[in-house]
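A short worksheet on the structure shown next.
The values are calculated or read from the model by the stated rules, or taken from the named source; none is laboratory data. Keep in mind it's a predicted model, so treat the numbers as computed, not measured. Cβ: placed from backbone, ideal geometry, glycine included. Neighbour counts: every protein chain shown. Note: accessible area is taken over every heavy atom of the protein model, side chains too, but ligands, DNA and RNA are not part of it. Shrake-Rupley method; radii C 1.70, N 1.55, O 1.52, S 1.80 Å.
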Amino acid sequence: MQPQQASPPGYLGQFRILFSKEIAVEFRSRETAVPMAVFAVAALIAFQFSFDLRGGTLNLVAPGVLWVAIIFASLLALGRSFAREVERGSLDGLLASPIDPGALYLAKVAANVLMLLVLEIVIVPLTAVLFNLQLFQPALLLTLVMGNIGIAAVGTILASIAARARAREALLPIMLLPLLVPVIISAVRATGLAIDERPFSEIQPWLGVLGAYDLAFVTLSALIFYVTVER
Amino acid sequence: MSLSDRRFSTIDIVGVAAFAVMLIALYLAIVESPSERVQGIHQKIFYVHVPSALVAYVSIGVVAVGSGMYLWKRTHKWDRLAIASAELGVILTTLTLVTGSLWGRPVWGAWWNWSDARLVTTLVMWLVYVAYLMLRSLGERGPATSRAAAVLGLLGFVNVPITYFSVYLWTFLHPLPTLQSSTDRPESAILVPFLVGMAAFTLLYVYLMAMRMRLEESQHELDDLRAAREML
Amino acid sequence: MTAEQSGSSSQAIVRCAGLEKSYGQRPAIRNLNLTINVGERIALFGDNGAGKSTLLQLISGLLRPSRGGIRVFGGQPWGREGAHARAQIGTLSHQSHLYEELSARENLTLYGKLYGVTEPQVRADTLISEFGLSGRRVDPVRTLSRGMTQRVSLMRALIHHPTLLLLDEPETGLDATSRQMLAEHITEQGAGVTVVLATHNVEMGVSLTTRDIVLRGGEIIHDSATISDLAMDTAQRRQLVAAHLGGSVS
């Protein structure tokens, strides 16, 4: 009568299942992507009037404006991704199942990378149109993806720490922003060089820094993430 | 141990030594060391700035060791090591930033120089470990907060070289006007006061670490006693 | 299996030795020793804060012990190494563990996949019709009533045919029909299925199980298995449990 003991999926299988869960939940609730995009657009408008983004200085300031808007918007997504699970107790359901928490971490990182990409699909063309910039460069796409991975890698593990702490809304940016300094520096530089249509060899060192950052933090965080959800 | 038990312990000896060596270091730096040709008397802050910076970096390394070992062994002594070293690290990086800034004013003509990779990295490090202390103070005392802090301690440590390299690359590819200081290769007249300064800061660090860890241990015992009393 | 398992007197699937768990400085479970054998149905009683939920969460691998040992199916249940043990455990707790935006079917399929059920969607549909929710199976869980949500949670616990079922006050929020279904499910589980049921309802707890444990202040103050080998009837068991529970009030 009882079927033989089922065998739970391995690390990659768990990652796939949990990643589609993240996407399905977000697709239903639209609790994160929509507020994020609206926030980023509002931030762009605020920057326009703060920095007077016209004429000669535009190419110098625009990359920074774009990345500050992305990083501030990402704080909304990152904070929600764990707070929601902790509040409802759905995280406990996952942790009581036979998964490796590392797979859960990577699924959340992948979902956050995708969410940031969706945000960028909205605000990058908008930045190009509003400020009349040449933003459609292949090197920029690469910069965006690698920057997103860096933000999501550190942001996801810190969000899981902040989710159980007091004053989590303040704590997450306080911990995250200094750790993101290398991402901010290299993503802004690479974006600036891409806008100026410089050769790829000039952009490469910055993508190298981003790659090293992504690799270091994704690996370290996937290994120690289980500690942050342990109780 | 009771308070009346006042024999000299190793910690006390280290404390006295730190005090004595610090006095010698100050004497050597202020009186004995030569005045640098270009920078004159301003260069003398080097004897405080560089030792405090180096010991600050060591203390951040000790936070990482304590954090990693705590996550592995889960024994409270490693957590004590991390928390004590993080607090001293913040104090030492603060000292480094202030002395660096004071030194920069006459030499660079500005309090701050964004193109100095070491200074910017130190500032980022300072922010990370201030966040670390905030995480600890906002959390309830206990293993959950210790684990969270240990994770941040490790992430912050890995961040240091990447930050340094990216700021370095930034100034290298995008140079700003700087005046190179000529103290990179200290001669023997400079070397001796510098090494004594290093010894002074190292002893001070060891002494304060020992005191802070003892305080943390007492706090831990007190928490246990309070919890035990509540159970009755 | 492991040497530890074969070495035990009968087939123990849960072994706690000197088990302790504290939250911050506050101990919730203190020096607890307990062995649960295959096929036992245990009722766990105790006031709020006595440690019932903590004990269930320790067994289910959700909590890491502060001190002492716990072995479930011969291994540690928590952390990465605990996946083998957790794969055989079904849990029902105060929280639904469900994603409100997803339907009952999607929630159950998700967990079916995570537990490695061979045809998760078929299994989900079977359970949904068994529990009489076929009409609502594609509605988001958010729109279901408290009782219906609790039924879906119970299905979630059963989706992978667990051999150890941990139920934390399952009767709360359930209507009469659902309670009946729950009772049937507990008593009709195969002989190989072990059940631990934490409850405030002495009547229900005793009638559905074969062994009583009463917790107070994180310690076991009554275990019907240690009293005598003589079988007690339910009335005697109720009396004993009530006496120990009453003692904790005064």
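Quick notes on this structure:
- Cα convex hull of the range C:135-250, projected area averaged across orientations, nm²: 9.2 nm²
- Over 26 Å between alpha carbons, listed pairs A:K108/C:K113; B:K77/C:K21; B:K73/C:K21: none
- Rule-of-thumb Rg ratio for the range C:68-140 [Cα; 2.2 N^0.38 Å; N residues]: 1.31
- Summing both sides, the accessible surface hidden between B and C at a 1.4 Å probe radius is close to 700 Å².
- Chain B, relative contact order [Cα under 8 Å, separation at least 6], %: 33 percent
- Average accessible surface area per residue within the range B:1-147, 1.4 Å rolling probe, Å²: 50 Å²
- Relative contact order computed over chain C (Cα-Cα under 8 Å; 6+ residues apart), in percent: 25 percent
- Two-decimal Rg/Rh across the protein assembly as shown, once Rg and the Kirkwood Rh are taken from alpha-carbon atoms: 1.05
- In this structure the amide hydrogen of C:L165, modeled in the peptide plane, comes within under 5 Å of the amide hydrogens of C:G90, C:T194, C:V195, C:V196, none closer than 5 places in sequence on its chain.
- Top positive-direction residue, dipole computed over the range A:11-229 with Cβ charges, set A:A73, A:N59, A:G13: A:G13
- Per-residue shielding of A:199-209, expressed as the average number of other chain Cβ atoms within 10 Å of the residue Cβ, stands at 2.
- Helix axis angle, B:76-108 relative to chain B longest principal axis, alpha carbon, degrees: 20 degrees
- The contact between chain A and chain C removes approximately 3100 Å² from the accessible area (both sides summed; 1.4 Å probe; ligands, DNA and RNA excluded).
- Sequence-distant residues sharing a close amide H with C:R64 (under 5 Å, placed H): A:R231
- Along the range A:170-176 the Karplus relation, 6.51 cos²θ - 1.76 cosθ + 1.60 evaluated at θ = phi - 60°, assigns HN-Hα couplings of 7, 5, 4, x, 4, 7, 6 Hz to successive residues, with x for each Gly and Pro.
- Derived scalar couplings ³J(HN,Hα) [the range C:83-95; Karplus, 6.51 cos²θ - 1.76 cosθ + 1.60; whole Hz; x for Gly, Pro]: 4, 4, 5, 4, 4, 9, 10, x, 10, 10, 10, 4, 8
- Sum of -39500 (n - 2.57) over DSSP H runs of 4+, divided by residues of chain A (222 nm, nearest 500): -28000 deg cm²/dmol
- Kirkwood Rh (inverse of mean 1/r, distinct Cα pairs), chain B, angstrom: 19.6 Å
- D by Stokes-Einstein for the range C:85-206, Kirkwood Rh over Cα pairs, 25 °C, 0.890 mPa s: 171 µm²/s.
- Degrees between helix B:188-231 axis and first principal axis of chain B (Cα, 0 to 90, nearest 10): 20 degrees
- Highest GNM mean-square fluctuation among B:T121, B:T202, B:T75, for chain B modelled with Cα contacts below 10 Å: B:T75.
- For the range A:133-231, applying the loop criterion from DSSP together with a ceiling of 15 other beta carbons within 10 Å to the chymotrypsin sites (Phe, Trp or Tyr not before Pro) yields A:F136.
- Per residue, in Å², the accessible surface of the range A:11-229 once ligands and nucleic acids are set aside, probe 1.4 Å: 37 Å²
- Selection from A:A40, A:L117, B:L155 lying farthest towards where the dipole of the protein assembly as shown points positive, charges on Cβ: B:L155
- Cut-off under 5 Å, modelled amide H: who pairs with C:Y23 long-range: C:A28
- Counting only DSSP H runs of at least 4 residues, each contributing -39500 (n - 2.57), and dividing by the residue count of chain B, the helix-based mean residue ellipticity at 222 nm comes to -27500 deg cm²/dmol.
- Share of carbon and sulfur in the accessible heavy-atom surface of chain C [1.4 Å probe, %]: 49 percent
- Carbon/sulfur fraction of accessible area - chain A, other protein chains in place, 1.4 Å, %: 68 percent
- Angle between chain B longest axis and helix B:46-73 axis [Cα atoms, degrees, rounded to 10]: 30 degrees
- Pairwise burial A:B, computed as accessible area of each alone minus the pair, summed, 1.4 Å, Å²: 2500 Å²
- Applying the criteria of a DSSP loop state and at most 16 other Cβ atoms within 10 Å to the chymotrypsin sites (Phe, Trp or Tyr not before Pro) of the range B:16-121 yields B:W111, B:W112, B:W114.
- In the range A:23-177 the Cα-Cα distances spread across 10 Å bins starting at 0 as 10, 38, 33, 14, 5, 1 percent of all pairs.
- Principal axis extents of the C-alpha atoms in the range C:1-125 (largest first, rounded to whole Å): 42, 36, 28.
- Rounded if a/c under 1.5, otherwise prolate or oblate - chain C, Cα gyration tensor axes: prolate
- The accessible surface of chain B, taken with every protein chain in place and a 1.4 Å probe, is 69 percent carbon and sulfur.
- Shown here for the range A:52-125: trypsin sites (Lys or Arg not before Pro) in loop regions (DSSP other than H, G, I, E, B) with at most 13 other Cβ atoms within 10 Å, namely A:R54.
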